[in-house]
Amino acid sequence: MRFRVAIAAVIAGAVAAATAPAASAQVRDTWVAAVPVTWNLMPNGHDALTGMTYDTSQTVFPTVVYRRYSGNWRRPLPNAPAGSSNQDLIPGPLIRARVGDQLRIHFKNMDVVSHSMHFHGVHYRPSSDGAYLPGFSGPDADVQPGKTWTYLLTAGTDSRGVWPYHDHSPNMDASIAGGMYGMLSILGRHEAAPDREFEVVFHEHGAFQTIDERAFVGNTPVFFALPGDLVQWDVMAMGSEHHTFHVHGHRWITPDGTPRDTVTVGAAESFRIRWRERDPGTWLYHCHIEQHMMAGMIGIYRVGQRKA
Amino acid sequence: MRRRTLAVAGALATVVLAGGSAAAMTGMDDAGETAHVAIQFAGFDGPQADIVTGDTVHWTNDSVRIHSVVADDASFDSGRLPAGAMFARRFDQAGTVTYYCSLHPFMRGEIDVHDVLLDAPATHAGADKPYVLTGRVAAGITGPVTIEGDSGAGFTAAGTAAVQDDGGFRATVTPSTTTAYRAVVAGATSPAVQVVALDHTVTVKATRRGTATTLAVHVEPASTGQRVVLQLRLRDRFGWWPVRSARLDAQSNATITVRPASRVPARVLLTLPDGATELARSRTVHVGSPG
């Protein structure tokens, strides 16, 4: 059997990576709103691997999502760059920064019950924690319908990597279950940005197991890359399950030098994996807990051919 | 022994109501019927069920790990249910009872108990064609039942039905368009069910210019404000995939332009406001440039 560690890579930031030109620290503004929507976790209506079909009464539900907006919430924008997730509203906006940056997350609640934003991995004062605690927390943790709050965050030297954010208001139980979560992606001060960045959020949803709140191949994100691309997988789990992230036909090296093709991720844990792509083909990525995979936690990753 | 399907309004729900096998009904009162909720690895299937007062709910652990069924109001607690175990509870009072698994508290469910209930329609209706609705009332309610319909202008009377000895009733309605129906009897009102009437036609005309294809969409009868969805049949998506949606204008028209990377089959659906539930579809056309 051919064994070839194709790729130099990384988990959680131990990149032996090319460096990017030095960039000065920035203040980055992101405008986000909590927006009620109708979500279909299976737009093609079936599990292509088994042939099982599903009715929209089983797959369509009302929920609330984090949606990216232009300044002062004037007009909605895509949550993520092309190719990085399911190109839809779950997960919430991919918030990118570099170590040393200041982040101002301007949040508006357009729902009918209170919500908040709580961020992992970054530095902030209690007034930007966004976590509800009766008698202690402030309006940041319980943003009422129609109200706004600005969370002030700093990407510290220990913030490099990918991190979850999610609702932590009194309504977090239902809203996280419905997909109210997203990711921060923080590069080192001089670290090369990836050519492709893929968001994979494992999350149970009733009888289904989802990636980015979609179930079964074709519905879950279809990721694309080309040989030579520096690809970065941002992986996290939300909910109350653990999962194992596995990509076919690829391996990566852990900080201790071990080649891996599967990594476990627990609830609210997150990591990133990088490699320089060189293996064209259509590959599967999935949770390798087989019940989860068969309940929908599986997708495809396509690597094309560069034209000569 | 009757077999019926309960109306379930949850996102992921299919709850089968059975007259009950001998084993399933052991020790249970014969009055009322039985709803079954499967306990899956990480959720209740379905998480929300509508039943009639006096019905019994059976939860069966179909997963490989231990679960429980505990009411938020502490009115019942199944204890630990290993794989294959069952728990039953009869509900004798109208209202809502929420419950959870104490071992996996993110697993939550809800039982809505009604004095009158319409069965979920199993098929679509033809426009202006008779359609039979069925339902049940709680023991002791004698009727008659009034059926009310709402096709956009509020609920109005749409029919009546007599209650049979077993509590069941049948009413014939004639929807001219997709209509929500509810049953009213003895001061009680059922949740509404939606009867989808297949009364529309969708026509498309495709015009290609360079890499762009523009689809002129028209729906009859006029459906101003309703949503149409363009689907492409994509290999990556293993079937039909929604790529654009639009609302019909005052002339019941919409225009959608796409630039697919290759020539692919396309069709346009008229849907419910959810953008997913199909009411009518166009013929299949092709969009994009060959090669």
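The values are calculated or read from the model by the stated rules, or taken from the named source; none is laboratory data. As the structure is a computational prediction, the values presented were derived from the model and not from experiment. Counting neighbours? That spans all protein chains shown, and the Cβs are built from the backbone with ideal geometry, glycine included. Only protein heavy atoms, including side chains, enter the accessible area calculation; ligands, DNA and RNA are left aside. Shrake-Rupley method; radii C 1.70, N 1.55, O 1.52, S 1.80 Å.
Below, the figures for the structure above:
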item	result
B:LEU12 vs. criteria at pLDDT below 95, farther than 26 Å from B:ARG170 by Cα and within 14 Å of chain A (Cβ to nearest Cβ)	yes
Enumeration of residues in segment B:73-131 that are of a type in the set (A, V, I, L, M), farther than 23 Å from B:ILE39 by Cβ, touching a strand residue (DSSP E or B) at 6+ places or on another chain (Cβ under 6 Å) and part of a loop (DSSP other than H, G, I, E, B)	B:ALA94, B:ALA127
Residues satisfying the stated conditions in segment B:38-49, i.e. surrounded by fewer than 24 Cβ atoms within 10 Å (Cβ to Cβ) and either more than 7 Å from chain A (Cβ to nearest Cβ) or at positive phi (or both)	B:ALA38, B:GLN48
Top-ranked residue of segment A:233-247 - restricted to ones that are open to solvent by 10 Å² or more (accessible area, probe 1.4 Å) and more than 14 Å from chain B (Cβ to nearest Cβ), ranked as nearest to B:PHE106 (Cα to Cα)	A:THR244
Any hit, segment A:54-64, residues being away from every other protein chain (no Cβ under 14 Å) and of a type in the set (Val, Ile, Thr)	no
Segment B:234-265, residues that are within 14 Å of another protein chain (Cβ to nearest Cβ), part of a loop (DSSP other than H, G, I, E, B) and basic (Lys, Arg)	B:ARG235, B:ARG237, B:ARG259
Selection count where residues are open to solvent by less than 60 Å² (accessible area, probe 1.4 Å) and in contact (Cβ under 8 Å) with a residue 24 or more places away in the chain, scope segment A:249-270	14
Residues within segment B:99-129 that are surrounded by fewer than 14 Cβ atoms within 10 Å (Cβ to Cβ), farther than 26 Å from B:PRO144 by Cα and within 20 Å of the chain's Cα centre (by Cα), tallied	1
Residues of segment B:277-291 classified as surrounded by 14 or more Cβ atoms within 10 Å (Cβ to Cβ) and part of a loop (DSSP other than H, G, I, E, B), total	4
Given (1) in contact with a strand residue (DSSP E or B) (Cβ under 9 Å, 6 or more places away or on another chain); (2) within 14 Å of another protein chain (Cβ to nearest Cβ), number of the condition A:GLU290 does not satisfy	(1)
